[in-house]
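Below: one structure, written as structure tokens.
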Amino acid sequence: MSADGATDLGSFGLPSRTAHPGEGITPEELGLAARNHALPAEALRWEITPPGLHYVLTHYDIPDADPDSWTIAVTGLVDHQVTLSLATLAAMRQHTVRVTMECAGNGRTGVHPRPLSQPWITGAVGTADWSGVRLSDVLGEAGVAADAIDVVSCGADHGIERGVEQDYERGLSVQLALGSDVLLATAMNGQPLPPQHGFPVRLVVPGWYGMASVKWLREIRLVDHEFAGYQHQAYRVKQHKDDPGMPVTQIEPRALLSPPGFPDFMSRARVVEAGVTDIRGRAWSGWGPVTKVEFSPDDGATWFDCTLAAENGPFAWRAFSTVWQATPGQARLRVRATDGTGRVQPLDPVASLGGFTNNADAAVVALVR
Ligand SMILES: Nc1nc2c(c(=O)[nH]1)N[C@H]1C(S)=C(S)[C@@H](COP(=O)(O)O)O[C@H]1N2
Ligand SMILES: [Mo]
């Protein structure tokens with residue numbers, strides 16, 4: 001409460017900060033981690049992530065959505081403003097795109113000092129077949145005015161972040177919106193979207209980190225400038241407070257191991273029997289196809305090329321496999337991906353103030369017996 005008794009929403013804004021030396025996880029981070037779950041590593045066995053195992057990241061509350069009255073308003077710099085009901089969308093041409101989605105904060109806990117936010121380890125990823133209408137078809141019906149620069153997508157969820165009250169909004173360039181597979185998705189793996197994934201309709205921006213794929217979509221607004229809302233200021237890779245930084249865009253390459261053997265409950269370390277062990281996993285990049293995955297059984301001292309399975313469409317992860325002659329003792333298993341643009345997963349964490357795009361590989365600890 002401020003002095004005159006009015007509620008000062010700005011006081012909700014915990015400043016963004018990194019953890020103090022030795023500071024353990026805070027109650028706020030634990031709360032976020034419990035709301036927003038990761039893909040369990042063993043779920044990498046499925047090419048399409050089963051419902052409920054895909055990671056979830058929701059900034060505010062999951063909105064109360066009535067599909068019968070839900071509309072999406074197409075507003076701003078269009079030739080004619082249109083209001084789309086779900087029935088209108090269902091009558092339009094449907095497309096399905098297989099997309100590996102990853103949160104830009106995946107890997108954040110590997111950044112030192114740790115930025116206080118959703119404390120992802122490496123599991124903020126999942127793959128789904130998203131179906132719906134192309135954003136370009138919707139814009140085609142409304143007609144894009146010549147001076148439109150960005151397409152702003154607005155979600156129905158509302159909250160406060162660092163003192164700024166807002167609807168969840170993200171902009172895309174008109175160019176990307178028109179010339180791509182961006183979808184207004186109404187189905188995930190052939191079923192209506194689950195509430196946590198954006199029911200009844202969400203944007204899906206293939207190849208981009210998840211923050212671009214606005215859930216619970218209720219407005220598409222065309223504007224005559226590059227949109228710079230809160231969620232654009234927040235998703236920048238900066239090294240210090242005054243660094244303008246670079247925007248977070250497409251997904252950096254990453255490979256993850258399907259963990260071999262069986263786990264220890266607390267540490268998640270693996271117990272593996274000595275001998276020939278199948279090594280499997282999946283790798284992806286939003287910049288282009290994954291062209292190489294390497295496996296190291298000795299914490300990065302030596303690397304071996306894995307066998308890549310057939311490509312799984314331009315936007316979805318690709319399976320890889322190899323075999324490992326496991327000998328008794330403790331091993332730190334690593335994998336790293338390279339994509340067609342030459343981007344290679346780094347061995348050391350990618351530092352930034354917010355802990356974004358840290359695609360450094362993370363070791364799986366195995367105790368071979
Ligand atoms: N409306 C809305 N859209 C949103 C978000 C949100 O909080 N609100 N979170 C974004 C972020 S940061 C990510 S990583 C993805 C997560 O999508 P998922 O929960 O379906 O995996 O949704 C994005 N879209
Ligand atoms: Mo995210």
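Evaluated at q = 0.12 Å⁻¹, a Debye calculation over the C-alpha positions of region 124-248 (equal weights, vacuum) places log10 I(q)/I(0) at -0.47. Over all other residues within a Cβ to Cβ distance under 15 Å of residue 204, the charged ones net out to +1, with Lys and Arg as +1 and Asp and Glu as -1.
If you rank 61, 181, 242 by how much accessible surface each has, with a 1.4 Å probe, what is the order from largest down? Spell out each step's value before the answer.
Working: 61 105, 181 45, 242 135 Å².
Greatest to least solvent exposure: 242, 61, 181.
For region 126-187, a/c is not less than 1.5, where a ≥ b ≥ c are the root eigenvalues of the C-alpha gyration tensor, and a/b does not top b/c. That puts it in the oblate class.
Length gain on complete extension for the stretch residue 274 to residue 325, per 0.36 nm per residue less the alpha carbon to alpha carbon distance? Walk me through the numbers before you get to the answer.
On the way: separation 51, 0.36 × 51 = 18.36 nm, distance 0.74 nm.
This chain segment gains 17.6 nm when fully extended.
Kirkwood hydrodynamic radius of the chain, from the reciprocal of the average inverse Cα-Cα distance over all distinct pairs: 21.8 Å.
Based on DSSP H runs of at least 4 residues, each adding -39500 (n - 2.57), what is the mean residue ellipticity at 222 nm of the chain after dividing by all its residues, to the nearest 500 deg cm²/dmol? Intermediate results must be reported in sequence, preceding the final value.
Values: 5 runs with 33 residues, N = 369.
-2000 deg cm²/dmol, from helical runs alone.
Is the shape of region 287-369 rounded, prolate or oblate, going by the alpha carbon gyration tensor and its root eigenvalues a ≥ b ≥ c, with a/c under 1.5 for rounded and a/b larger than b/c for prolate? Provide the component values of the computation, followed by the final result.
Working: a/c = 2.42, a/b = 1.27, b/c = 1.91.
In terms of gyration-tensor shape, oblate.
The chymotrypsin sites (Phe, Trp or Tyr not before Pro) of region 216-270 that meet both conditions, a loop assignment by DSSP and at most 15 other Cβ atoms within 10 Å of the site Cβ, are 265. Note on the chain: GNM, Cα springs under 10 Å; of 52, 155, 105, the largest mean-square fluctuation is that of 52.
The values are calculated or read from the model by the stated rules, or taken from the named source; none is laboratory data. None of the values given here were measured: they were computed from a predicted structure. Using ideal geometry, Cβ is built from the backbone for each residue, glycine included, and neighbour counts are taken over all protein chains shown. Note: areas computed on protein heavy atoms with side chains; ligands, DNA, RNA excluded. Shrake-Rupley method; radii C 1.70, N 1.55, O 1.52, S 1.80 Å.
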